[in-house]
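Notes follow the structure.
The values are calculated or read from the model by the stated rules, or taken from the named source; none is laboratory data. Please read these numbers as outputs of a predicted model, since none were measured by experiment. Note that each Cβ is placed from the backbone with ideal geometry, even for glycine, and that neighbours are counted across all protein chains shown. Ligands, DNA and RNA are stripped out before the accessible areas are found, and what is left, the full protein with its side chains, is counted by its heavy atoms. Shrake-Rupley method; radii C 1.70, N 1.55, O 1.52, S 1.80 Å.
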Amino acid sequence: MRMTAPSEFPAAQPGQFVMVRVNDAIDPLLRRPFGIFDVGVHTPAQTGAASQPYLEMLYRVVGKGTGMLSALHDTDLLDVLGPLGKGFQLGAPGEEKIIVGGGVGLAPLYLLAKELVKQSPVRLFVGGRTRDDVLCITEFERLGVECYVATEDGSLGECGLVTEALIRRLAACDGTPRIFACGPHGMLNAVAGIAAQRNIPCQVSLEGYMACGMGACLGCVTPGHHHSNETPDYRCVCADGPVFDAAELKWEA
Amino acid sequence: MKPDLSVSIAGLELRNPVMTASGTFGYGEEFAEYVDLATIGAFVTKGLSLRPRAGNPTPRIVETPGGMLNAIGLQNVGIDAFIEKKVPFLRSVATPAIANFFGNTIDEYAELARRLDAIPEIAGLEVNISCPNVKQGGIVFGTDPQCAFQVVTACREATIKPLIVKLSPNVTDIVSMAKACADAGADALSLINTLTGMAIDLERRRPVLANITGGLSGPAVKPVALRMVWQVARAVNLPIIGIGGIMNARDALEFILAGATAVQVGTASFINPGAAQEIAEGMEKWLAENGVEDVKSLIGALEA
Ligand SMILES: Cc1cc2nc3c(=O)[nH]c(=O)nc-3n(C[C@H](O)[C@H](O)[C@H](O)COP(=O)(O)OP(=O)(O)OC[C@H]3O[C@@H](n4cnc5c(N)ncnc54)[C@H](O)[C@@H]3O)c2cc1C
Ligand SMILES: Cc1cc2nc3c(=O)[nH]c(=O)nc-3n(C[C@H](O)[C@H](O)[C@H](O)COP(=O)(O)O)c2cc1C
Ligand code: FES
């Protein structure tokens with residue numbers, strides 16, 4: 001969905017997110033977090049018309065809040081808090097950039113791709129269970145991103161896990177690429193493992209169950225690399241992330 | 001004419017009765033961008049323990065109708081890191097900062113009270129007595145008046161700062177708890193903390209929270225909180241800070257009518273980081289519109 005936005009939004013970094021209050025009532029009570037899909041300034045065709053900053057979100061209807069979002073009308077106002085969190089570090093110009101995404105995890109990756117294509121060759125690897133999990137490929141292609149799709153049931157692209165295609169690409173590319181990933185936790189876990197084995201810089205964007213989005217409630221935390229009960233090392237997904245260097249976090253073996 | 005919103009509680013002079021609740025406002029800094037701290041009465045920091053605490057595994061939060069459950073598990077930086085990393089911010093803030101704390105044993109409570117007493121930037125102490133007493137095998141300080149009396153006595157001996165005791169609603173008789181704290185030398189009482197609850201994922205046939213149960217907060221708890229404030233205000237001669245589901249100025253004023261001298265805003269800050277400031281402004285507006293010159297005239301003014 002696209003909306004007009006206050007003037008600070010076009011400066012949002014790829015990977016940042018917003019907290020959306022869907023309704024003034026107390027049900028749903030909490031804001032809902034969404035990645036920033038795109039921001040920019042729209043300049044109307046008519047001469048003299050003021051240009052207008054905009055914000056785009058990509059969301060999937062899963063429950064109460066997203067259901068209400070999908071029922072909004074053109075002229076409705078939405079209460080949006082943000083941009084929040086820390087975004088992606090783009091890395092050096094020229095080196096190959098590899099983006100891995102799945103499902104609505106693609107949302108924050110579009111703005112990232114938009115920035116990256118300005119300075120580097122970009123390849124996108126999208127995975128899903130079925131073709132329905134694969135969103136907005138054409139938008140990425142339009143940016144000039146080379147896209148690889150894999151679905152577990154073979155309904156779109158290659159049959160299998162997208163990580164297999166990723167491994168093949170890593171074997172083929174010369175120099176050190178940089179990986180950016182957002183998607184289901186299992187996918188991120190696999191990507192982080194692949195990157196660690198090959199010593200490739202890898203950033204992941206995580207999800208967490210958020211109440212405040214600004215580091216106050218401590219609801220959204222994820223364990224850092226050295227976390228244990230004796231040496232607690234929880235990081236806030238909202239304020240320390242949502243983008244983390246994969247090596248900073250604790251992953252399942 | 002501008003109504004007078006100032007109140008005095010436990011020796012603290014507040015420009016207005018609106019404070020922020022522990023665990024919902026970080027250490028203050030997190031909100032500085034959204035709230036002019038000089039517009040609220042005071043703020044309370046996240047519950048502190050002697051050593052840093054990891055807290056519980058995730059998920060720690062789930063929304064329920066009109067409320068939320070949290071099982072953060074009192075994650076906090078511990079008193080040493082608090083003094084080193086968080087207190088310097090407080091120096092620049094022209095609003096009283098109150099430190100919320102808890103221990104596993106009576107000695108730990110007293111030790112924390114002693115260390116906090118020595119920090120000039122801390123204007124007051126709020127003792128959280130709703131956590132398990134490890135030494136006594138899982139009895140909760142906050143549900144046994146005898147234990148509460150001992151904890152508060154120990155803290156009282158350790159500090160000359162305003163001592164506020166925060167009560168748990170998970171008791172059958174809130175008044176006897178309040179009396180025990182008053183007898184032990186508390187300067188004020190704040191109530192309520194969260195109500196124990198749970199949420200179930202039917203399809204997975206599992207509890208939603210990793211901790212199974214959590215603390216309920218938000219608008220859903222307001223009627224319980226109002227009732228407890230009212231009961232305690234009639235029975236105990238100490239100022240009360242009302243907490244529970246306060247979302248707007250009207251909610252806050254209801255607590256004051258029920259007998260609270262001040263209020264704390266919790267969950268509302270998650271939904272609107274500027275909530276406490278807006279509630280203070282809304283109160284002033286309501287008083288002006290209703291010809292009330294002094295908010296103190298509303299304390300306990302419920303006609304019942
Ligand atoms: C930083 C961040 C960025 C996100 N970006 C996007 C995005 O760009 N597009 C998008 O569609 N979604 C995104 N999400 C997920 C989105 O926030 C949830 O889908 C949404 O909150 C669900 O709200 P609801 O009221 O519709 O669902 P509810 O009625 O609350 O729940 C329905 C189902 O969704 C699950 N759910 C609820 N909250 C979350 C959550 N925070 N993460 C994962 N699952 C959840 C619940 O477990 C439940 O099974 C993001 C989440 C985070 C933390
Ligand atoms: C996420 C969260 C963390 C909390 N942490 C603490 C805490 O550390 N110490 C404490 O005394 N109360 C804590 N509380 C309780 C609140 O201070 C408050 O008493 C309660 O949320 C009820 O108020 P509300 O309905 O306005 O949120 C916490 C509440 C929430 C929601
Ligand atoms: S959502 Fe509250 S700390 Fe991250």
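Below are the figures for this structure:
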{"item": "Residue satisfying all of: in the range B:250-270; of a type outside the set (G, A, S) and closer than 14 Å to B:A21 by Cα; surrounded by the most Cβ atoms within 10 Å (Cβ to Cβ) among these", "result": "B:V263"}
{"item": "Residue within the range B:232-249 that is away from chain A (no Cβ under 13 Å), part of a helix (DSSP H, G or I), closer than 26 Å to B:A184 by Cβ and open to solvent by less than 20 Å² (accessible area, probe 1.4 Å) present", "result": "yes"}
{"item": "Failed criterion for A:A71 (all others in (1) within 14 Å of chain B (Cβ to nearest Cβ); (2) within 13 Å of ligand 1 (Cβ to nearest atom); (3) loosely packed, with under 12 Cβ neighbours inside 10 Å hold)", "result": "(1)"}
{"item": "Single residue of the range A:241-253 satisfying the filter (surrounded by fewer than 23 Cβ atoms within 10 Å (Cβ to Cβ) and part of a loop (DSSP other than H, G, I, E, B)) that is farthest from ligand 2 (Cβ to nearest atom)", "result": "A:A253"}
{"item": "Pair list, Cβ < 7 Å and 6+ apart or interchain, from the range A:110-128 residues that are closer than 25 Å to A:S155 by Cα to residues that are open to solvent by less than 10 Å² (accessible area, probe 1.4 Å) and of a type in the set (S, T, Y)", "result": "A:G128/A:T151"}
{"item": "Subset of the range A:120-147 (residues that are open to solvent by 50 Å² or more (accessible area, probe 1.4 Å) and under 20 Å from A:G175 (Cα atoms))", "result": "A:P121, A:E146"}
{"item": "Residues of the range A:210-240 satisfying the condition of being facing another protein chain (nearest Cβ under 7 Å) and either within 11 Å of ligand 2 (Cβ to nearest atom) or in a loop (DSSP other than H, G, I, E, B) (or both)", "result": "A:A211, A:C212, A:M214, A:G215, A:A216, A:C217, A:L218, A:G219, A:V221, A:N229, A:P232"}
{"item": "Any hit, the range A:46-61, residues being under 21 Å from B:E63 (Cα atoms), free of Cβ contacts under 8 Å to residues at least 40 places away in the same chain, open to solvent by 60 Å² or more (accessible area, probe 1.4 Å) and within 14 Å of chain B (Cβ to nearest Cβ)", "result": "no"}
{"item": "Residue match in the range B:135-144 (condition: more than 26 Å from A:C217 (Cβ to Cβ) and in contact (Cβ under 8 Å) with a residue 12 or more places away in the chain)", "result": "yes"}
{"item": "Qualifying positions in the range A:196-206 - part of a loop (DSSP other than H, G, I, E, B) and either at pLDDT below 95 or more than 12 Å from chain B (Cβ to nearest Cβ) (or both)", "result": "A:N199, A:I200, A:P201"}
{"item": "Criterion (at pLDDT 95 or above and not in a loop (DSSP other than H, G, I, E, B)) met by exactly one of B:L216, B:L209", "result": "B:L216"}
{"item": "Which listed residue is open to solvent by 40 Å² or more (accessible area, probe 1.4 Å), modelled with pLDDT under 95 and in contact with a strand residue (DSSP E or B) (Cβ under 7 Å, 6 or more places away or on another chain), from B:P57, B:P52", "result": "B:P52"}
{"item": "Condition met for B:G291 (more than 20 Å from A:D79 (Cβ to Cβ), more than 14 Å from chain A (Cβ to nearest Cβ) and open to solvent by 40 Å² or more (accessible area, probe 1.4 Å))", "result": "yes"}
{"item": "Matching residues in the range B:26-49 - criterion: being surrounded by fewer than 23 Cβ atoms within 10 Å (Cβ to Cβ), touching a residue at least 40 places away in the same chain (Cβ under 8 Å) and within 14 Å of ligand 3 (Cβ to nearest atom)", "result": "B:Y27, B:E29, B:Y34"}
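Each row is one residue, and each column tells you yes or no for (1) more than 30 Å from B:A210 (Cα to Cα); (2) free of Cβ contacts under 8 Å to residues at least 24 places away in the same chain; (3) in contact with an Asp or Glu (Cβ under 6 Å, 6 or more places away or on another chain); (4) open to solvent by less than 10 Å² (accessible area, probe 1.4 Å).
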position: B:L74; (1), (2), (3), (4): no, no, no, no
position: B:A81; (1), (2), (3), (4): no, no, no, no
position: B:K86; (1), (2), (3), (4): no, no, no, no
position: B:S92; (1), (2), (3), (4): yes, yes, no, no
position: B:A97; (1), (2), (3), (4): yes, no, no, yes
position: B:G103; (1), (2), (3), (4): no, no, no, yes
position: B:L112; (1), (2), (3), (4): no, no, no, yes
position: B:A118; (1), (2), (3), (4): yes, yes, no, no
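Okay, residues lined up against (1) aromatic (F, W, Y); (2) over 17 Å from B:A54 (Cβ atoms); (3) within 16 Å of ligand 1 (Cβ to nearest atom):
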position	(1), (2), (3)
A:P184	no, yes, yes
A:G193	no, yes, no
A:Q197	no, yes, no
A:E207	no, yes, yes
A:T222	no, no, yes
A:H227	no, no, no
A:E230	no, no, no
A:A239	no, yes, yes
